[in-house]
Amino acid sequence: MQTQLMNAVTALTTSAETFLLRLYVAGQTPKCVRAFENLKRICEEYLAGRYHIEMVDLLHNPQLARGDQILAVPTLVRRLPEPIKKIIGDLSNTERVLVGLDLRPARRPNP
């Protein structure tokens with residue numbers, strides 16, 4: 001699996017516009033399933049053809065949480081483009097996800 005990930009990273013780094021996203025979940029809980037569905041919808045709408053989603057189920061591979069310092073699930077980690085970004089939750093707030101992925105600037109509150 002590590003070789004596959006390295007190959008994917010190498011292939012994706014050739015395009016600065018490609019997003020490598022890792023979604024950490026813990027089984028098929030409703031919140032984790034909703035997070036994946038929301039992520040897929042957002043990617044198809046805003047990153048069509050420019051993303052790769054890697055699912056990490058911490059029930060099967062709990063040791064993988066250490067690498068990205070995962071403290072809660074579901075957590076989305078944007079691995080590429082750098083810098084690494086994290087978003088915790090079911091990703092139902094599209095605006096928050098877009099800002100977190102740097103696809104949209106954060107709105108400033110009115111003074």
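Tabulated data
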quantity: Answer residue from the stretch 15-28, given it is under 19 Å from Lys85 (Cβ atoms) and in a loop (DSSP other than H, G, I, E, B) and is nearest to the chain's Cα centre (by Cα) among those; calculated: Thr18
quantity: Search result, residues across the stretch 47-83 that are surrounded by fewer than 12 Cβ atoms within 10 Å (Cβ to Cβ), among the aliphatic types (A, V, I, L, M) and over 15 Å from Gly27 (Cα atoms); calculated: Ala48, Leu71
quantity: The lone exception for Ala65 - which of (1) in contact with a Leu (Cβ under 6 Å, 6 or more places away or on another chain); (2) at pLDDT 95 or above; (3) of a type outside the set (D, E, K, R) it fails; calculated: (2)
quantity: Complete set of residues in the stretch 1-30 that are among the charged types (D, E, K, R) and at pLDDT 95 or above; calculated: Arg22
quantity: Members of the stretch 29-40 that are in a helix (DSSP H, G or I), surrounded by 14 or more Cβ atoms within 10 Å (Cβ to Cβ) and either out of contact with any strand residue (DSSP E or B) (no Cβ under 9 Å at 6 or more places or on another chain) or of a type in the set (Gly, Ala, Ser) (or both); calculated: Arg34, Ala35, Asn38
quantity: The stretch 66-108, residues that are more than 13 Å from the chain's Cα centre (by Cα) and acidic (Asp, Glu); calculated: Glu95
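The values are calculated or read from the model by the stated rules, or taken from the named source; none is laboratory data. Note that this is a predicted model, so its numbers are computed, not measured. Quick reminder, even Gly has a Cβ in these numbers, built from the backbone with ideal geometry, and neighbours come from all protein chains shown.
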